[in-house]
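Single-structure report; data block below.
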Number of protein chains: 2
Amino acid sequence: MEEELRSLLQDLETLKRSVPDPDQNDSINKLQQRVDKIMSMSKLGSARRSKVKDMSAEVVDSNPYSRLMALQRMGIVQNYERIRDFSVAIVGIGGVGSVAAEMLTRCGIGRLLLYDYDTVELANMNRLFFRPDQAGMTKTDAAVQTLSDINPDVVLESYSLNITTVKGFEIFIESLKRNQKQGANTGVDLVLSCVDNYEARMVVNQACNELNQTWMESGVSEDAVSGHIQLLNPGETACFACAPPLVVASGVDERTLKREGVCAASLPTTMGVVAGLLVQNTLKYLLKFGQVSPYLGYNSLKDYFPTMEMRPNPQCSNSACLERQKEYAQAKPARDALAKAKLEAEASLSNEGPLHVDNEWNISVVDIDSEKTSAASRSSDALPEGLMHELPSSDRLQESPLAQETITISDDLEDLQRQLDALNAA
Amino acid sequence: MEEELRSLLQDLETLKRSVPDPDQNDSINKLQQRVDKIMSMSKLGSARRSKVKDMSAEVVDSNPYSRLMALQRMGIVQNYERIRDFSVAIVGIGGVGSVAAEMLTRCGIGRLLLYDYDTVELANMNRLFFRPDQAGMTKTDAAVQTLSDINPDVVLESYSLNITTVKGFEIFIESLKRNQKQGANTGVDLVLSCVDNYEARMVVNQACNELNQTWMESGVSEDAVSGHIQLLNPGETACFACAPPLVVASGVDERTLKREGVCAASLPTTMGVVAGLLVQNTLKYLLKFGQVSPYLGYNSLKDYFPTMEMRPNPQCSNSACLERQKEYAQAKPARDALAKAKLEAEASLSNEGPLHVDNEWNISVVDIDSEKTSAASRSSDALPEGLMHELPSSDRLQESPLAQETITISDDLEDLQRQLDALNAA
């Protein structure tokens with residue numbers, strides 16, 4: 001539109017030159033002023049902030065990162081600005097994926113890769129993010145439009161394709177591998193699956209197993225009132241083919257649920273909560289603070305949040321998963337040695353002589369179980385003087401086996417089946 | 001801007017009449033066509049859908065309510081369209097309040113009353129909802145702009161004022177009382193407090209105690225990693241002055257926490273989760289499904305969600321709270337009689353003779369504890385054939401006293417203090 005307005009100004013200038021009458025010339029001048037005003041108004045409507053080079057912690061109203069950098073001062077995150085080094089891929093830009101993308105964009109993530117093949121419809125307006133005026137656009141185009149306005153610092157890559165097709169899967173894999181990081185198999189730090197069907201989840205699972213790529217899965221039930229997130233680390237945790245969450249939770253095969261032509265219910269609340277839990281765990285994973293949940297459910301009717309851990313199934317049908325399991329088992333001695341070295345380093349650190357011989361204030365180092373207090377959890381538990389966490393520590397809860405329903409899936413498939421039967425009979 | 005463009009067209013028309021030369025006249029015609037084009041382009045950018053008279057359940061892409069009306073077909077909500085009869089007031093249109101307003105708008109709430117005195121700043125961009133181009137606008141104006149574009153069916157009332165001033169408090173009370181509903185003390189069905197400081201919470205508490213208005217409180221900690229929601233029903237539950245959540249949870253007086261000039265950390269994730277939990281409980285409360293949580297905490301470092309119930313403090317410093325407590329106690333015989341009548345009605349219903357004498361399929365009515373299965377929870381547990389809840393029932397959890405940390409605050413203040421001491425010592 002700016003271009004149109006500029007042409008209008010030029011046309012008026014041409015007209016002015018062809019009109020000799022000073023009175024008419026004057027009215028054309030006024031017309032030009034009017035167009036100038038309209039131009040500035042139209043610019044105001046799409047005003048975008050300029051890119052920033054460094055994340056500043058300065059506390060001024062014009063700093064979009066001040067409240068995020070404050071996480072460092074509050075002792076939650078050691079180095080917030082590292083977020084700019086990370087790349088996250090989001091598969092499925094629907095009710096959960098679009099909100100997850102917006103959250104990561106507002107948090108200042110380095111690079112976002114967005115995958116979807118669908119278009120925006122008015123029927124999507126009961127969930128957050130998309131606007132009615134975007135109806136008809138592809139979801140990836142609409143997302144890039146909105147996200148680049150919100151934060152021009154984020155590098156956005158969008159892929160309008162269906163990953164369940166042969167061609168789509170190829171491009172998906174290639175895009176994940178691009179900009180491969182040192183010591184990594186791909187160019188992304190995490191893949192978030194926000195798709196709404198079993199087939200697409202299995203495809204993300206296949207890609208991540210092949211690439212040895214850590215990912216998080218998310219889902220919302222067809223009746224809109226429950227959901228879950230899950231961390232999948234090939235070889236270490238169950239993959240999606242080892243034990244799909246729904247099968248584990250209810251004994252029902254998810255494939256039978258998503259049917260053609262059925263209009264699923266959905267709510268902006270459930271999807272907003274699931275997106276929030278997903279991205280919060282993404283931040284904890286990337287920036288190394290707090291504890292990343294291996295599985296977290298959300299039953300909104302009762303505000304109940306079950307957790308569980310799932311080890312991989314040695315009889316998994318996915319051959320890439322079996323390969324990753326083998327590698328993970330083979331790497332055990334190296335992992336153990338590394339953990340031991342770390343423990344010893346920490347122990348020797350606390351056994352060193354006093355740094356200051358004078359100890360006027362009688363400060364002493366308290367010996368804490370080093371296993372329990374990694375640098376991350378220690379820094380997040382300690383707040384500056386005068387501040388404290390709003391909620392009591394959940395350590396008491398974690399210690400009680402009954403406190404949160406933690407189900408450990410064993411290696412043995414028959415045993416798994418027995419556990420499921422027991423769960424469903426309960 | 002549309003008005004400016006219209007004036008421009010008129011000016012061109014005037015100019016055309018004053019210019020006799022047909023060539024110049026022709027160029028002015030072209031200019032008018034150009035302005036017409038710009039006008040249609042500017043309209044396109046802010047395309048809004050037209051209002052709809054009834055919420056349709058029709059499954060077509062153009063229906064913004066199809067996925068919400070599906071909640072009825074799925075057996076979650078008995079009558080979703082009732083949502084259009086409800087009015088909700090949101091105090092504080094910040095990181096939680098703005099998202100709560102957007103969720104309710106997308107759900108098709110009848111009327112929203114929005115209160116805030118602040119303006120949008122770039123420093124707010126690390127939370128959802130506001131856009132950089134809205135910097136400098138009042139939060140209420142910016143919210144009305146965005147929300148009316150999203151859903152023109154919602155009646156929006158915005159109040160750019162500070163409720164903690166004498167004048168602001170007066171207008172706050174008056175606006176809540178307007179359109180008073182039959183049998184109610186106000187014109188709103190629920191007040192949501194989404195403010196960020198102790199003083200404003202105490203003002204909402206005062207207003208709701210005076211008006212005998214049920215409300216929900218929400219909050220996020222200064223370190224951005226935990227939050228809570230709480231239901232407050234004057235006389236029945238603790239009011240905010242009886243026991244502020246922070247005091248209960250950690251033994252620290254909240255007034256000491258929010259200090260001038262301190263830049264609190266904030267995250268779109270934590271605020272999105274708290275807004276989602278708040279509006280989900282609002283929907284459960286208004287549309288009568290599931291269980292409304294009396295208090296729900298969110299500790300994001302450990303994905304821990306404590307719950308508790310708080311009875312009012314008979315020594316509360318708020319006189320309006322004491323009045324409501326007295327009324328609530330006095331109404332006990334009437335409440336008991338009503339509950340008994342309801343129980344008997346349900347019992348007689350299940351004791352009636354069979355509706356169909358033929359019972360080819362041998363269907364029998366199973367006698368369930370009527371206390372446990374209200375109409376709402378029954379309808380939400382039963383899904384149509386082939387569908388099931390994604391997560392297992394949490395009944396097992398509810399039965400175990402250890403399962404979720406439920407703290408019941410007793411009537412006695414000394415006892416409360418002992419409980420707090422024990423909690424903090426743990």
State all residues of the range A:296-322 that are surrounded by 14 or more Cβ atoms within 10 Å (Cβ to Cβ), away from chain B (no Cβ under 14 Å) and in contact (Cβ under 8 Å) with a residue 24 or more places away in the chain; if no residue qualifies, say none. A:Met310, A:Arg311, A:Pro312, A:Asn313, A:Pro314, A:Cys316, A:Asn318, A:Ala320, A:Cys321
May I ask you to verify whether A:Ile93 is in the same structural domain as A:Ala264 (by the TED database) and touching an Asp or Glu at 6+ places or on another chain (Cβ under 6 Å)? yes
Return the residues of the range A:182-201 that are without any contact (Cβ under 8 Å) to a residue 60 or more places away in the chain and part of a loop (DSSP other than H, G, I, E, B); say none if nothing qualifies. A:Gln182, A:Gly183, A:Ala184, A:Asn185, A:Thr186
Mind listing just one residue for me: the one in the range B:262-295 that is more than 8 Å from chain A (Cβ to nearest Cβ) and part of a loop (DSSP other than H, G, I, E, B) and, of those, most open to solvent (accessible area, probe 1.4 Å)? B:Lys288
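Is it fair to say A:Gly251 is small (Gly, Ala, Ser), more than 19 Å from the chain's Cα centre (by Cα) and at pLDDT below 95? It would help to see each step written out before you state the result.
Values: small (Gly, Ala, Ser): yes; more than 19 Å from the chain's Cα centre (by Cα): yes; at pLDDT below 95: yes.
For A:Gly251, the condition - small (Gly, Ala, Ser), more than 19 Å from the chain's Cα centre (by Cα) and at pLDDT below 95 - is met.
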Give A:Gly92, A:Gly75 a once-over and let me know the one that is farther than 20 Å from A:Asp153 by Cα, touching a residue at least 60 places away in the same chain (Cβ under 8 Å), of a type outside the set (D, E, K, R) and away from every other protein chain (no Cβ under 11 Å). A:Gly92
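Please find, within the range A:189-240, the residue that is farthest from the other protein chains (Cβ to nearest Cβ) out of those that are of a type in the set (Asp, Glu) and open to solvent by less than 10 Å² (accessible area, probe 1.4 Å).
Within the range A:189-240, the subset of a type in the set (Asp, Glu) is A:189, A:196, A:199, A:210, A:217, A:222-223, A:236.
Retained after the next criterion (residues that are open to solvent by less than 10 Å² (accessible area, probe 1.4 Å)): A:217, A:223.
Values: A:Glu217: 13, A:Asp223: 4 Å.
Among those that are of a type in the set (Asp, Glu) and open to solvent by less than 10 Å² (accessible area, probe 1.4 Å), it is A:Glu217.
Report yes if A:Asp54 is out of contact with any helix residue (DSSP H, G or I) (no Cβ under 8 Å at 6 or more places or on another chain), modelled with pLDDT of 85 or more and more than 8 Å from chain B (Cβ to nearest Cβ), otherwise no. Outline the logic, then answer.
Numbers: out of contact with any helix residue (DSSP H, G or I) (no Cβ under 8 Å at 6 or more places or on another chain): no; modelled with pLDDT of 85 or more: yes; more than 8 Å from chain B (Cβ to nearest Cβ): yes.
So A:Asp54 fails the test.
State all residues of the range B:95-121 that are touching a Cys at 6+ places or on another chain (Cβ under 7 Å) and over 18 Å from B:Met137 (Cβ atoms); if no residue qualifies, say none. Write out each step before concluding.
So in the range B:95-121, the residues touching a Cys at 6+ places or on another chain (Cβ under 7 Å) come out as B:96-97, B:100.
Selection gives B:Val96, B:Ala100.
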I'd like to check something: does the range A:149-169 contain any residue that is assigned to a helix (DSSP H, G or I), aliphatic (A, V, I, L, M) and either within 12 Å of A:Val91 (Cβ to Cβ) or more than 14 Å from every other protein chain (Cβ to nearest Cβ) (or both)? yes
Give the range B:49-84 a look and list any residue that's open to solvent by less than 80 Å² (accessible area, probe 1.4 Å), assigned to a loop (DSSP other than H, G, I, E, B), on the phi < 0 side of the Ramachandran plot and not polar (S, T, N, Q), or say none. B:Arg49, B:Val52, B:Met55, B:Ala57, B:Val60, B:Pro64, B:Tyr65, B:Met74, B:Ile76, B:Val77
Which of (1) closer than 27 Å to A:Arg201 by Cβ; (2) open to solvent by less than 10 Å² (accessible area, probe 1.4 Å); (3) touching a Leu at 6+ places or on another chain (Cβ under 8 Å); (4) outside any helix (DSSP H, G or I) does A:Ile109 not meet, given it meets every other one? (3)
Within the range B:1-29, the residues that are polar (S, T, N, Q), under 56 Å from the mean Cα position of the chain (by Cα) and more than 10 Å from every other protein chain (Cβ to nearest Cβ) are B:Gln10, B:Asn29
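The values are calculated or read from the model by the stated rules, or taken from the named source; none is laboratory data. Since the structure is predicted, the reported quantities are computational estimates derived from the model, not experimental observations. Glycine gets a Cβ as well: all are built from the backbone with ideal geometry, and neighbour counts include every protein chain shown. The protein model used for the area step is the full one, side chains on, heavy atoms only, and it has no ligands, DNA or RNA in it. Shrake-Rupley method; radii C 1.70, N 1.55, O 1.52, S 1.80 Å.
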